[in-house]
Amino acid sequence: MGKNKEDFNTVLSLLNDWYGHERAGLEITAYCPETKWVGDEAERILKKTVSPDISDGIRIREGWKSIAGAQIAAISLPLNLQSKILTVEVKHSVWMRELNGPVKNTLIKKINKFAGKEVCKDIRCVPAGRSFK
């Protein structure tokens, strides 16, 4: 940053001499790099460093309520997506049986539609652990 800071200070000093202090502050923006959103930069970095399974798993977890619906989302939580198998933590054994029934295929279809590609072929339900309070 040393060289860039020196260049910045030199340009700012010249603009101060030319325009005066107030106007120089406005004019310096023309010499600054384009603004970038932190979220966009974080997404760019994650795409380079995180496996597709992990990034797809994060997106599924974030959108779980819209994928599964409020009732199922209230009793379950996606934990991990690995080799197209989504591990879902479930609060109660009765719900585990329910989610392993016909609901499972519906959820798989909704997950893949949400992702825009086939990211899930199966769902593995596990009993709730520390994630639920």
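Every read-out reported here was derived from the displayed coordinates using simple, explicitly stated rules and does not represent laboratory data. The structure displayed is predicted, hence computed values, not measured ones. As a convention, Cβ positions derive from the backbone with ideal geometry for all residues, glycine included, and neighbour counts pool all protein chains shown.
May I ask for the angle, rounded to the nearest 10°, between helix 38-49 and the longest principal axis of the chain, with both axes built from Cα atoms and the value confined to 0 to 90°? Roughly 60 degrees, rounded to the nearest 10.
Here the Debye sum runs over all C-alpha atoms of the range 51-127 as equal scatterers in vacuum, and log10 of I(q)/I(0) at q = 0.19, 0.21, 0.22, 0.24 Å⁻¹ comes out as -0.68, -0.85, -0.94, -1.14.
Of interest is the spacing of the C-alpha centroids, which for the range 5-44 and the range 77-129 amounts to 49 Å. Over the chain, calculate the relative contact order: mean separation of alpha carbon pairs under 8 Å at least 6 apart, over the residue count, as a percent. Once divided by the residue count of the chain, the mean separation gives 19 percent.
Dipole orientation for the chain: of the candidates ASN9, VAL94, GLY20, VAL94 has the Cα lying most toward the positive pole (charges on Cβ; Lys, Arg +1; Asp, Glu -1). The charge dipole of the range 71-133, taken about the Cα centre with unit charges on the Cβ atoms of Lys, Arg (+1) and Asp, Glu (-1), comes to about 80 debye, rounded to the nearest 20. Kirkwood's formula applied to the C-alpha pairs of the range 92-133 gives a hydrodynamic radius of 11.4 angstrom.
Highest mobility in the GNM of the chain, judged by mean-square fluctuation with C-alpha springs under 10 Å and restricted to GLY116, GLY25, GLY69, is found for GLY25. In order along the range 10-16, the phi-based Karplus estimate (6.51 cos²θ - 1.76 cosθ + 1.60, θ = phi - 60°) of 3J(HN,Hα) comes to 5, 5, 4, 5, 5, 5, 4 Hz; Gly and Pro are listed as x. Among ALA42, ALA73, ALA30, the residue with the largest mean-square fluctuation in a Gaussian network model of the chain, with springs joining Cα atoms closer than 10 Å, is ALA30.
Looking at the range 1-94, the GluC sites (Glu not before Pro) that sit in a DSSP loop and have at most 10 other Cβ atoms within 10 Å of their own Cβ are GLU34. Between TYR31 and LEU14, the contour length at 0.36 nm per residue exceeds the Cα-Cα span by 4.9 nm. With both residues required to sit in the chain, DSSP beta bridges show an antiparallel share near 50%. Only the Cβ atoms of Lys and Arg (+1) and of Asp and Glu (-1) were treated as charged; on that basis the dipole of the chain about its Cα centre amounts to roughly 1160 debye. Per residue of the chain, what 222 nm ellipticity follows from adding -39500 (n - 2.57) for every DSSP H run with n ≥ 4, rounded to the nearest 500? Mean residue ellipticity at 222 nm (helix-derived): -17500 deg cm²/dmol. Using the alpha carbons alone, the radius of gyration of the chain stands to its Kirkwood radius in an Rg to Rh ratio of 1.35. In this structure, the amide hydrogen of CYS125, modeled 1.01 Å from its nitrogen in the peptide plane, lies closer than 5 angstrom to those of VAL88, counting only residues at least 5 positions away or on a different chain.
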